[in-house]
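Report on one structure; see the data block that follows.
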Amino acid sequence: MYSQREEKMANLVEATSQKQFEEFLTKAGKCLTVAHFHAAWAPQCGQMNEVMAELAKEHTGTTFLKLEAEAVPEVSEKYEISSVPTFLFFKAGEKVDRLDGAHAAELTKKVQRLAVNGSPAGAAEVPDLNERLKKLINAAPCMLFMKGSSQEPRCGFSRQIVGLLKEHNIQFSSFDILSDEEVRQGLKTFSNWPTFPQLYVNGDLVGGLDIVKELAASGELENTCPKAVSLEQRLKTVINQSPVMLFMKGNKEAARCGFSRQILEILNGSGVDYGTFDILQDEEVRQGLKTYSNWPTYPQLYVKGELIGGLDIVKELKESGELVSVLKGES
């Protein structure tokens, strides 16, 4: 039934090649194009396709484009699509925003904001943006806004500042400004600092690479920024983030391996709430946890800070009827 409705909507289309994808972007011109990179095996992608179909009816001037990520490897590689669903937002052929995961509310919000170009409604978004920036800046005692991630910096300046912070054993979190054009542009105005990277400590701007270099050279960097905690202490903290913690490849919305996908299905069926940690985003945790828990593979499930095991053990607990009581810490 849904596919019949989709076929009738001229602004809900599918691209099966790089050439076709580029043609759709050109045709859309300055109007918004939302590209959904999906996979047939992922049920969350099917759900998000339904959300796209509803949005296409509301936003007739926006093109909603579906691409099977594995069928267009050149496009997926170019835009660094590493999980599904992933949404990219384009205007005039340029990427202006990105959303990873099956977040229907966030997708709707981004479409509503980006589809309105230069209307008074855009001004109403500024206070919300400032609140969002304040939250991001204060997300950790030491926050670095950079191009790429601390594991994979995507410009020379970002690479240098990450190297300095690590060299001086500074504990920091980072935000990839390339993944969010709104944050990238908004932060320049918010902090009156036109370039990146930008380093914040306790919500206050320290500065960019040159200032961090000066602080390092003068010996003041360690006093300015919080020192890193030991790996063991960090692992204990992460393991106890939630009474039930799953260390996996990907997250609840987008598993990135078959074993992680299977264990998610079992946990979702248990009715017990749980937290997740994506080991692909943090190599230190990924390697450290293997030694810490003497368990060499992933996924790994913890209850109240204690290792339960991997997929096979969780399957056994489900079959024996013990899973829910174990997850609740009753046995």
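The values are calculated or read from the model by the stated rules, or taken from the named source; none is laboratory data. Because the structure is a prediction, the values reported are computed rather than measured. Note that we place each Cβ from the backbone using ideal geometry, even for glycine, and neighbour counts take in every protein chain shown. With ligands, DNA and RNA removed, areas are computed over all heavy atoms of the protein, side chains included. Shrake-Rupley method; radii C 1.70, N 1.55, O 1.52, S 1.80 Å.
Among the residues of region 76-105, those that are part of a strand (DSSP E or B) and among the aromatic types (Phe, Trp, Tyr) comprise PHE87, PHE89, PHE90. Here region 192-204 is the region considered, the condition is being touching a residue at least 40 places away in the same chain (Cβ under 8 Å) and open to solvent by 20 Å² or more (accessible area, probe 1.4 Å), and the residue that is farthest from ALA139 (Cα to Cα) is PHE196.
Provide a single number: the residues in region 50-72 that are free of Cβ contacts under 8 Å to residues at least 40 places away in the same chain and in contact with a His (Cβ under 9 Å, 6 or more places away or on another chain). Residues that pass the stated criteria total 1.
Taking residues in region 73-96 that are open to solvent by 70 Å² or more (accessible area, probe 1.4 Å), and partners anywhere that are assigned to a helix (DSSP H, G or I), the pairs with Cβ atoms closer than 7 Å and at least 6 places apart or on different chains are GLU74/GLN18. When you look at LYS109, is it of a type in the set (Lys, Arg), surrounded by fewer than 14 Cβ atoms within 10 Å (Cβ to Cβ), out of contact with any helix residue (DSSP H, G or I) (no Cβ under 6 Å at 6 or more places or on another chain) and modelled with pLDDT under 90, yes or no? In short, no. Taken as a whole, the structure leaves PHE37 outside the set of residues that are more than 13 Å from ALA69 (Cβ to Cβ), modelled with pLDDT of 90 or more and either assigned to a strand (DSSP E or B) or over 25 Å from the mean Cα position of the chain (by Cα) (or both). Scanning region 272-294 for residues that are in contact with a helix residue (DSSP H, G or I) (Cβ under 8 Å, 6 or more places away or on another chain) and open to solvent by 70 Å² or more (accessible area, probe 1.4 Å) turns up GLU284, TYR292. Each residue in region 97-106 was checked for being open to solvent by less than 30 Å² (accessible area, probe 1.4 Å) and closer than 25 Å to LYS27 by Cα, and 2 pass. The strands (runs of 3 or more DSSP E) found entirely in region 226-331 that carry 1 or more residues being modelled with pLDDT of 95 or more and closer than 30 Å to LYS166 by Cα are 244-248, 300-303, 306-309.
Of the residues making up region 33-57, just one is touching a Cys at 6+ places or on another chain (Cβ under 7 Å) and surrounded by fewer than 19 Cβ atoms within 10 Å (Cβ to Cβ), namely ALA39.
Against the condition among the small types (Gly, Ala, Ser), at pLDDT 90 or above and either touching a Phe, Trp or Tyr at 6+ places or on another chain (Cβ under 8 Å) or farther than 30 Å from LEU264 by Cβ (or both), how does SER76 come out, does it pass? Criteria met by SER76. Candidates are the residues of region 239-271 that are charged (D, E, K, R) and surrounded by 15 or more Cβ atoms within 10 Å (Cβ to Cβ); the one that is farthest from VAL326 (Cα to Cα) is ARG256.
When THR60, THR16 are screened for being at pLDDT 90 or above, in a loop (DSSP other than H, G, I, E, B) and open to solvent by 70 Å² or more (accessible area, probe 1.4 Å), only THR16 passes.
No other residue among LEU88, LEU114 is at pLDDT 90 or above and either closer than 14 Å to VAL34 by Cβ or touching a strand residue (DSSP E or B) at 6+ places or on another chain (Cβ under 8 Å) (or both) apart from LEU88.
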